[in-house]
Structures are given as C-alpha cells and as structure tokens.
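A.B. asks: Below is a structure I'd like to ask you about.
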Amino acid sequence: MVLMKISEVLSGKSNSKVITIRGWVYRKREGKNLIFLLIRDSSGFIQCTVKKDSSGWVEAERVTIESSLIIDGIAKPDDRAPGGFEISVNSISIIGLAEIFPISKDQSTDFLRNVRHLWLRSRKMNLIMKIRDKVLEFSRDFFRKNQFIEVSPPMFISAAVEGGSTLFDLKYFDQTLYLTQSSQLYLEILIYSLEKVFCIAPSFRAEKSRTIRHLTEYWHIEGEWPYANMSDLMNFQESLVSYICEQTILNCKNELEELKVDLKKLKLVKTPFPRITYSESIKILIENGSKLNWGDDLGYEEEKIIANKFGCPFFIYDYPTSIKAFYCKTHREDPNLAMSVDMLVPRIGEISTGGAREDDKDLLIKRINDSGLKIEDYSWYIDLRKYGTIPHVGFGLGLERLLVWMLDIDNIIDSIPFPRTTRRFYP
Ligand code: AMO
C-alpha cells in the first residue's frame, strides 16, 4: 500500500492500485448501501465510496464532518466524481472522531472570521495561503536575482520610524519599547556592511482605521539600495510586482482558477507602469470634483479615484515634503518636494511607499527637529550620515495589500492566516 496525497491520486498515477490517504471528512452523504465521503487533505478533495459489504462500513457510518481518517482503497477514474477520480474504500481508521463542527453552509462572513482557527481549513483559505506562500517565494527570488541579501531586523525598537500616532508601546522590563512600524531604518544600517539588502518581516501599526486595507500587524517586503536613484527605484518595484504576477499566473494556475481570480487583470501587468507626479494627481482630483489643495495628503478615497482611472498599477512621485517622514530626501533645487514615491493599484490605492533617504547629516538633523522628534532617539541613525554616508533609496511593499489586489479578496483580513485589527486578535 502506498501513502499518497489526494492531488497525486487525482493525477491518475495510482489508477487501480491499492493506496492509502490521510485526510479529514469534508462532506458525507449516506445511502442505503453506499456512503459517500468527500475527503480533503492539504492538496485537494477526493470522493471516497464505502460499500455496505466492505470492512470500512461501520467506521464510515460513525464518522462526522472534520473527523480525521486514514483510508485504504482502490483509486479509479469516475466522471461523476469531483476531480474525475474516486476511491473505492477497503478500510477506514478513525484517528480523531470530530464533535459537531460549528461551521456549516451559509454562515456569515463575520461568524467565519470569529472561528478563524477552524475556517482556515476551508478551501478558500487553503488556496489563498498557498498563493501567499508562492508570492513570498517569488519576492525572495526576485531580490536574490538582483543580488540583494536577506537580513533579519528587530521587532522591538526604541524609537518611531513612521511617526508616533501609529506606534504600539510595550513594557520591556523597566522601560518602554515599541513594536516596529517598518524595518527601513535597520536596513539602512545594514547597507553600510552588505550594500543591497531586503527583509520580509512583520510591521505593526496602532491604526484605528477599519478599512479593507488596514491591519495592525502586517507583513512588509522592504528593500534598501545604495547608489540608486528614483528612476532605479521605480523600475525595480514595477519589475518586482510584474515578476510576482507573471510567476503566480505560471505556477498557481489551478489555485487562481478555483478562486475565480480575474486573470486578465494580472496578465495586463506589464512594465513600465504609468508615472505621475503628486501635482498631476491633484489636478486629476480637482477635475473629478475633489476639494483637495496642493499640500494635502491623499486619503484612501482620493487614491481610489485616481487608481480606478488608471485601471492598473502606477506610481505617484514627488510628494510635498511637509506630508512625508523625516528621513525623506528633498530635491536640492526645491526642498518643498520630497523624493518619495507610492505605488497604487485599483480598489486598494497605495500598496508601496519608497524614496530617496536624506543622506546629508545636517539636513537630516534639521528634519528630525522640524518633525518634533527627539534627536537623541536617532543618534545611531545620524551616525550613518557621519561615517561614510552614501546616497540610497528604499521601499516597503505591503504583502497583504498586494494579495488583496491580485486575488480580488474583499477584505485584507482574508489575506493573512491570523488577522490582527482593532477588533480581532483571537486566536
Ligand atoms: P508606509 O507607512 O507607507 O511606508 O508603509 C509601506 C506599505 O506598508 C503597507 N501598510 C499596511 N498594510 C496593512 N495594514 C496597514 N495598517 C498598513 N500600513 C502600511 C502599505 C504601504 O504602502 N518605511 C516606509 C516605506 C519606505 O519608504 O521604505 C513605510 O513604512 O502597503
């Protein structure tokens, strides 16, 4: 007897052979002389039929939805069965007889999110998590192909990266520390040793926003690149996103099909992405009836208006310095403009932010002071500009926002196994 994954059985390799599968009962239908069990494992679903005269009958009668089983039987093609194959069952060992499973048909999204630990077994979540894994793999591939080194920054930090209003503080023995909002400043340290670096790590935001694009803990794909300019940065980011889309189409065909993802949208992701300045984006907004003025930050609603106009990923660059963080480098000929760039997509708006970092020590100190931050908190960051400063750029791409867009997911909550929001932290 050969132990097989359900996907191997469905591929026809084991036709007419006696095989063993390990899985859980997804559905059960009982007839007088026949019981149908739809069994799932990590790889898929297969119909198993148990005849009254087989030695598996007694166990088949006992099993309940989500019971875990080991099944021995003969796999054979059957056009009526989902996937085109079924297993004619010889015997069943019940490993864990399940109590009445709380999830049944037609339950509300809210209920399913409340029983996340059980809902993760659903096909939908299984498929999203598989694509998520692949997107992480393709992101790493792309950085490595471009000679970036993966590094491991800390999650406990001593000073804000992205401003105090979204900072989680925590008691760290006798002091207060924070959960990192971005690994950017730590990647900036590491470029002085390793040059091109990247990380894929959690970032935390104490954000009360309850939108389809906000989590309090999300995964951040961040890169930092010495001696590159804004044009290199946009070229790199658009190539990364189109590589991820291309590889996902090639390698996750079945998952995308089953999730009914709009493949046309992914296939249309081609470089170069359109690029407009912040000033041009304000013009578009005013033409569309917005009351926004030059200098105002773009909110979710404004981003959506512009993004839906483009219908594909695109960049907005050269934002007002006044709405950008202290580390943003400014244009030397016009210090009111920051060398900063966001990537936006339809429906979600911003999915990444990046830019050139201020590499001049005195200008950086001025920006820290002007931002009302305590200079002593950033003395190590200023040291980087004291000892062999170099021009550099970097960016942060939100993994979940990317997935929400790619996979047409309704809410960011369903792009991560264990979502953390203002209301959700269980389990
Ligand atoms: P920013 O704060 O714009 O920039 O964040 C970068 C990207 O992170 C994602 N993101 C989020 N995803 C889910 N939930 C949230 N609450 C959330 N907040 C942000 C978005 C966003 O574009 N250090 C800079 C980037 C840089 O310049 O390198 C930064 O963190 O996709």
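The values are calculated or read from the model by the stated rules, or taken from the named source; none is laboratory data. Not measured: the values here are computed from a predicted model. FYI the Cβ positions are ideal-geometry reconstructions off the backbone, even for glycines, and counts take in every protein chain you see.
A.B. asks: Here are the criteria: (1) within 14 Å of the ligand (Cβ to nearest atom); (2) assigned to a helix (DSSP H, G or I); (3) in contact with a Ser or Thr (Cβ under 9 Å, 6 or more places away or on another chain). Tell me which single one Ile128 does not satisfy.
C.D. replies: Among (1) within 14 Å of the ligand (Cβ to nearest atom); (2) assigned to a helix (DSSP H, G or I); (3) in contact with a Ser or Thr (Cβ under 9 Å, 6 or more places away or on another chain), the lone unmet condition for Ile128 is (1).
A.B. asks: Assuming Pro154 fulfils every condition listed in (1) outside any helix (DSSP H, G or I); (2) more than 14 Å from the ligand (Cβ to nearest atom); (3) closer than 20 Å to Ser415 by Cβ apart from one, which condition is it?
C.D. replies: So Pro154 meets the others, but not (3).
A.B. asks: OK, next. Could you tell me whether any residue of segment 377-388 is at pLDDT below 95, surrounded by fewer than 14 Cβ atoms within 10 Å (Cβ to Cβ) and of a type outside the set (A, V, I, L, M)?
C.D. replies: Looking for residues that are at pLDDT below 95, surrounded by fewer than 14 Cβ atoms within 10 Å (Cβ to Cβ) and of a type outside the set (A, V, I, L, M), one finds at least one in segment 377-388, hence yes.
A.B. asks: Going through segment 39-61 one residue at a time, which ones are more than 39 Å from the chain's Cα centre (by Cα), charged (D, E, K, R) and not in a loop (DSSP other than H, G, I, E, B)?
C.D. replies: Correct list: Lys51, Glu59, Glu61.
A.B. asks: Ok, one more. Please find, among Asp53, Asp110, Asp78, the residue that is in contact with an Asp or Glu (Cβ under 9 Å, 6 or more places away or on another chain) and either small (Gly, Ala, Ser) or surrounded by fewer than 17 Cβ atoms within 10 Å (Cβ to Cβ) (or both).
C.D. replies: Numbers: Asp53 fails: in contact with an Asp or Glu (Cβ under 9 Å, 6 or more places away or on another chain); Asp110 fails: in contact with an Asp or Glu (Cβ under 9 Å, 6 or more places away or on another chain).
Going through Asp53, Asp110, Asp78 in turn, just one is in contact with an Asp or Glu (Cβ under 9 Å, 6 or more places away or on another chain) and either small (Gly, Ala, Ser) or surrounded by fewer than 17 Cβ atoms within 10 Å (Cβ to Cβ) (or both): Asp78.
A.B. asks: Right, another one. Taking the residues in segment 157-185 that are of a type in the set (Ser, Thr, Tyr) and modelled with pLDDT under 95 as candidates, determine which candidate is farthest from the ligand (Cβ to nearest atom). Before you say what the answer is, go through the steps one by one.
C.D. replies: Residues of segment 157-185 that are of a type in the set (Ser, Thr, Tyr), as a first pass: 158, 165-166, 172, 176, 178, 180, 182-183.
Then drop every residue that is not modelled with pLDDT under 95, which leaves 158, 165-166.
Working: Ser158: 17, Ser165: 12, Thr166: 8 Å.
Filtering first and then ranking leaves Ser158.
A.B. asks: With respect to Val115, determine if the residue is surrounded by 15 or more Cβ atoms within 10 Å (Cβ to Cβ) and more than 28 Å from Gly396 (Cβ to Cβ). Full working, then the answer.
C.D. replies: Values: surrounded by 15 or more Cβ atoms within 10 Å (Cβ to Cβ): yes; more than 28 Å from Gly396 (Cβ to Cβ): yes.
For Val115, the condition - surrounded by 15 or more Cβ atoms within 10 Å (Cβ to Cβ) and more than 28 Å from Gly396 (Cβ to Cβ) - is met.
A.B. asks: Take segment 350-398 and flag every residue that is farther than 23 Å from Met230 by Cβ and within 16 Å of the ligand (Cβ to nearest atom).
C.D. replies: Answer for segment 350-398, where residues must be farther than 23 Å from Met230 by Cβ and within 16 Å of the ligand (Cβ to nearest atom): Leu373, Tyr378.
A.B. asks: State the number of residues belonging to segment 289-324 that are within 16 Å of the ligand (Cβ to nearest atom), over 28 Å from Met406 (Cα atoms), surrounded by 15 or more Cβ atoms within 10 Å (Cβ to Cβ) and in contact (Cβ under 8 Å) with a residue 24 or more places away in the chain.
C.D. replies: Of the residues in that region, 1 qualify.
A.B. asks: Something else about it: Would you check which residues across segment 186-195 are of a type in the set (A, V, I, L, M, F, W, C) and within 11 Å of the ligand (Cβ to nearest atom) and list them?
C.D. replies: Taking segment 186-195 and keeping what is of a type in the set (A, V, I, L, M, F, W, C), we get 187, 189-191, 194.
Hit for segment 186-195 is Leu187, nothing else.
A.B. asks: Filter segment 157-179 for residues that are assigned to a loop (DSSP other than H, G, I, E, B) and over 19 Å from Thr422 (Cβ atoms) and give the result. Break it down stepwise before answering.
C.D. replies: Step one: filter segment 157-179 for residues assigned to a loop (DSSP other than H, G, I, E, B), giving 158-163, 167-168, 173-174.
If the condition is that a residue be assigned to a loop (DSSP other than H, G, I, E, B) and over 19 Å from Thr422 (Cβ atoms), then Ser158, Ala159, Ala160, Val161, Phe173, Asp174 are the ones that fit.
A.B. asks: Go through segment 3-24 and give me each residue that's over 29 Å from the mean Cα position of the chain (by Cα), surrounded by 12 or more Cβ atoms within 10 Å (Cβ to Cβ) and either assigned to a strand (DSSP E or B) or of a type in the set (D, E, K, R) (or both). Give the derivation first.
C.D. replies: Applying the first criterion (over 29 Å from the mean Cα position of the chain (by Cα)) to segment 3-24 yields 3-4, 9-22.
Of the ones still in play, those that are also surrounded by 12 or more Cβ atoms within 10 Å (Cβ to Cβ) are 4, 9-15, 17-22.
Result: Lys13, Lys17, Val18, Ile19, Thr20, Ile21, Arg22.
A.B. asks: A further question on this structure: Can you tell me how many residues within segment 196-208 are near the ligand (Cβ under 7 Å from one of its atoms) and farther than 13 Å from Tyr178 by Cβ? Even if it seems obvious, please write down each step before you answer.
C.D. replies: Start the filter on segment 196-208 by keeping residues that are near the ligand (Cβ under 7 Å from one of its atoms), which leaves 203, 205, 207.
If we keep only those that are farther than 13 Å from Tyr178 by Cβ too, we end up with 207.
Qualifying residue count for the region: 1.
A.B. asks: Pick from segment 227-259 the residues that are part of a loop (DSSP other than H, G, I, E, B) and within 18 Å of the chain's Cα centre (by Cα): which of them is nearest to Phe143 (Cα to Cα)? Give the derivation first.
C.D. replies: Pass one, segment 227-259, residues part of a loop (DSSP other than H, G, I, E, B): 227-229, 252, 259.
Filter once more, keeping what is within 18 Å of the chain's Cα centre (by Cα): 252, 259.
Numbers: Cys252: 20, Leu259: 28 Å.
Across segment 227-259, the extreme among qualifying residues is Cys252.
A.B. asks: Something else: Find the helices (runs of 4 or more DSSP H) located wholly in segment 325-409 whose residues include 2 or more that are under 32 Å from the mean Cα position of the chain (by Cα) and under 23 Å from Phe142 (Cβ atoms), and list them. Walk me through it before giving the result.
C.D. replies: Working: elements: 361-370, 379-386, 399-406.
Where helices (runs of 4 or more DSSP H) fall fully within segment 325-409 and carry at least 2 residues being under 32 Å from the mean Cα position of the chain (by Cα) and under 23 Å from Phe142 (Cβ atoms), they are 399-406.
A.B. asks: Taking only segment 56-79 into account, find how many residues are free of Cβ contacts under 8 Å to residues at least 24 places away in the same chain and under 17 Å from Glu30 (Cβ atoms). Before the answer, list the steps.
C.D. replies: Going through segment 56-79, the residues free of Cβ contacts under 8 Å to residues at least 24 places away in the same chain turn out to be 57-58, 79.
Subsequent filtering for residues that are under 17 Å from Glu30 (Cβ atoms) retains 57-58.
Looking only at that region, the number is 2.
A.B. asks: Would segment 274-286 turn up any residue that is surrounded by fewer than 18 Cβ atoms within 10 Å (Cβ to Cβ), not in a helix (DSSP H, G or I) and not β-branched (Val, Ile, Thr)?
C.D. replies: So far as segment 274-286 goes, yes, one or more of its residues are surrounded by fewer than 18 Cβ atoms within 10 Å (Cβ to Cβ), not in a helix (DSSP H, G or I) and not β-branched (Val, Ile, Thr).
A.B. asks: Sort out which residues of segment 87-101 are touching a helix residue (DSSP H, G or I) at 6+ places or on another chain (Cβ under 9 Å) and within 21 Å of Lys13 (Cβ to Cβ), and write them in order of number.
C.D. replies: Kept after step one, since they are touching a helix residue (DSSP H, G or I) at 6+ places or on another chain (Cβ under 9 Å), are these residues of segment 87-101: 87, 89, 91-94, 97, 101.
Listed by number, the residues that qualify are Ile87, Val89.
A.B. asks: Then there is this: Which members of segment 212-226 meet the condition of being near the ligand (Cβ under 9 Å from one of its atoms) and either more than 20 Å from the chain's Cα centre (by Cα) or part of a loop (DSSP other than H, G, I, E, B) (or both)?
C.D. replies: Arg213, His214, Leu215, Thr216, listed by residue number.
A.B. asks: Also, quick follow-up: Of everything in segment 316-333, what is charged (D, E, K, R) and more than 18 Å from Ser352 (Cα to Cα)? Give them in sequence order.
C.D. replies: Of all residues in segment 316-333, those charged (D, E, K, R) come to 318, 324, 329, 332-333.
Across segment 316-333, the qualifying residues are Arg332, Glu333.
A.B. asks: Inside segment 104-158, can you point out the residues that are polar (S, T, N, Q) and within 15 Å of the chain's Cα centre (by Cα)? Even if it seems obvious, please write down each step before you answer.
C.D. replies: Here is the first cut: in segment 104-158, the residues polar (S, T, N, Q) are 104, 107-109, 114, 122, 126, 139, 146-147, 152, 158.
Within segment 104-158, Asn126, Ser139 meet the criteria.
A.B. asks: Quick check, is Asp262 away from the ligand (no atom under 16 Å from the Cβ), surrounded by fewer than 21 Cβ atoms within 10 Å (Cβ to Cβ) and more than 25 Å from Gly349 (Cα to Cα)? First the steps, then the outcome.
C.D. replies: On the way: away from the ligand (no atom under 16 Å from the Cβ): yes; surrounded by fewer than 21 Cβ atoms within 10 Å (Cβ to Cβ): yes; more than 25 Å from Gly349 (Cα to Cα): no.
Considered against the rule, which asks whether it is away from the ligand (no atom under 16 Å from the Cβ), surrounded by fewer than 21 Cβ atoms within 10 Å (Cβ to Cβ) and more than 25 Å from Gly349 (Cα to Cα), Asp262 comes out as no.
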